[in-house]
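The values are calculated or read from the model by the stated rules, or taken from the named source; none is laboratory data. The shown structure was predicted, so the numbers you read here are calculated from the model rather than taken from an experiment. Using ideal geometry, Cβ is built from the backbone for each residue, glycine included, and neighbour counts are taken over all protein chains shown. Side chains are part of the model used for accessible areas, which takes the heavy atoms of the whole protein and leaves out ligands, DNA and RNA. Shrake-Rupley method; radii C 1.70, N 1.55, O 1.52, S 1.80 Å.
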Amino acid sequence: MDNIFRIAHYGLHYGEEPIISGTSGSGTVFFSGCNMHCVYCQNYVVSQQRKGKLITGSQLLDIFAQLQDMGAHNINLVTPTPYIRLLIDVLRKAKQFLTIPIVYNTSSYEYVTYLSQLDGLVDVYLADIKYYDNDLAIKYSQAPDYFDIATQSVSLMRSQQPQDIIVDGIMKKGLIIRHLTLPHYKEDSKCILDWIANFDSLCFVSLMSQYVPCGKAHEYAPLNDKVSSSQYKQLVNYMYDLGLTNGYTQQPSSATTEYIPHFNQID
């Protein structure tokens, strides 16, 4: 029997990091559902309301082929964690015809047992580290032991892809660590940057200021605010002082909902 996936949207996406989106777009596939429950999730209707359409593994492979034919720089699996066991067989088959990298776009709240089975199937890991403080992870995402689990996962990702390979401005293999700064939690962000610097000071880091109160964020002060320019500037300077100079920062104007996809393609 073919495996079943719930997909919310697929298409070319230009809002990822430049070495992921490039000029032709990243071939994103948004999976419905999430093993975290972030109260501020910008994809709330997908992650927690599970909007989307049921498709088979064979149909998912057809989507990969379609995105490649559209000129996508990669196949970008967004929030694939709930389907990781089902994806292994699909990705093995996809590797037989794809000539572009497979990107695993994750919160990093992963079981390393399953993550280890992606070795050789995933080319680029686009991995969040969201929290250092366990209390914050529980309060805002129902994710106990988040930092310990996420850092173990990221370490495994790096062992699978030890070198960052970029060809013609596009990452073909490697790891990018993302951190979304949250309003008024500067010290938590600093602790995460400290860990990254000790882990791999040459790693690509994407320090994001694009936080916008979404989902249920308005019910949770101080998440009903935006990240101040002062807070973000201090974190950027802190990151550079740590020697983390590979990667990306954002302009304050990125804190807008215009980058959120319209999940209406395959309803």
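A residue that is under 22 Å from LYS173 (Cα atoms), under 18 Å from the mean Cα position of the chain (by Cα), part of a loop (DSSP other than H, G, I, E, B) and modelled with pLDDT of 95 or more occurs somewhere in the range 125-140.
Find the residue count for the range 23-36, including only residues that are open to solvent by 30 Å² or more (accessible area, probe 1.4 Å), touching a helix residue (DSSP H, G or I) at 6+ places or on another chain (Cβ under 9 Å) and among the polar types (S, T, N, Q). Steps first, please.
Kept after step one, since they are open to solvent by 30 Å² or more (accessible area, probe 1.4 Å), are these residues of the range 23-36: 23-24, 34-35.
Restricting the remaining residues to those that are touching a helix residue (DSSP H, G or I) at 6+ places or on another chain (Cβ under 9 Å) gives 34-35.
Pick out the ones that are also among the polar types (S, T, N, Q) and you get 35.
Final tally of qualifying residues: 1.
For the residues VAL39, VAL46, the requirement of being open to solvent by less than 10 Å² (accessible area, probe 1.4 Å), among the aliphatic types (A, V, I, L, M) and outside any strand (DSSP E or B) singles out VAL46.
Within the option set ALA217, ALA221, ALA197, ALA143, being modelled with pLDDT under 95 and either among the acidic types (Asp, Glu) or farther than 20 Å from PRO252 by Cα (or both) holds for one residue only, ALA221. Hey, among the residues in the range 67-122 that are charged (D, E, K, R) and assigned to a helix (DSSP H, G or I), which one's most open to solvent (accessible area, probe 1.4 Å)? Here the answer is ARG85.
Which of the residues belonging to the range 218-253 are part of a loop (DSSP other than H, G, I, E, B), of a type in the set (Gly, Ala, Ser) and open to solvent by 50 Å² or more (accessible area, probe 1.4 Å)?
As a first pass, look at the range 218-253 and keep what is part of a loop (DSSP other than H, G, I, E, B): 220-228, 242-246, 249-251.
Restricting the remaining residues to those that are of a type in the set (Gly, Ala, Ser) gives 221, 228, 243.
Across the range 218-253, the qualifying residues are ALA221, SER228.
Taking the criterion of being on the phi > 0 side of the Ramachandran plot and either surrounded by 18 or more Cβ atoms within 10 Å (Cβ to Cβ) or among the aromatic types (Phe, Trp, Tyr) (or both), the only residue of the range 165-192 that qualifies is GLY174.
Residue-level analysis places GLY215 among those that are at positive phi and either part of a loop (DSSP other than H, G, I, E, B) or open to solvent by 30 Å² or more (accessible area, probe 1.4 Å) (or both). Restricting the range 168-203 to residues that are closer than 16 Å to SER230 by Cβ and not in a loop (DSSP other than H, G, I, E, B) leaves a set whose member that is nearest to the chain's Cα centre (by Cα) is SER189. Of the residues making up the range 123-134, those that are open to solvent by 10 Å² or more (accessible area, probe 1.4 Å) and touching a residue at least 24 places away in the same chain (Cβ under 8 Å) are ASP123, ASP128, LYS130, TYR132, ASP133. The condition of being touching a Lys or Arg at 6+ places or on another chain (Cβ under 9 Å) and under 19 Å from THR249 (Cα atoms) holds for TYR211. Return the total of residues in the range 152-166 being touching a residue at least 24 places away in the same chain (Cβ under 8 Å) and either within 16 Å of THR81 (Cα to Cα) or not in a helix (DSSP H, G or I) (or both). Qualifying residue count, the range 152-166: 8. Within the range 75-87, none of the residues are more than 17 Å from the chain's Cα centre (by Cα) and within 19 Å of SER24 (Cβ to Cβ). With respect to the conditions (1) in contact with a Gly (Cβ under 9 Å, 6 or more places away or on another chain); (2) without any contact (Cβ under 8 Å) to a residue 12 or more places away in the chain, SER201 lacks only one, and its number is (2). When TRP195 is tested against the conditions (1) closer than 19 Å to GLU17 by Cβ; (2) in contact (Cβ under 8 Å) with a residue 40 or more places away in the chain; (3) open to solvent by 40 Å² or more (accessible area, probe 1.4 Å), the lone failure is (1).
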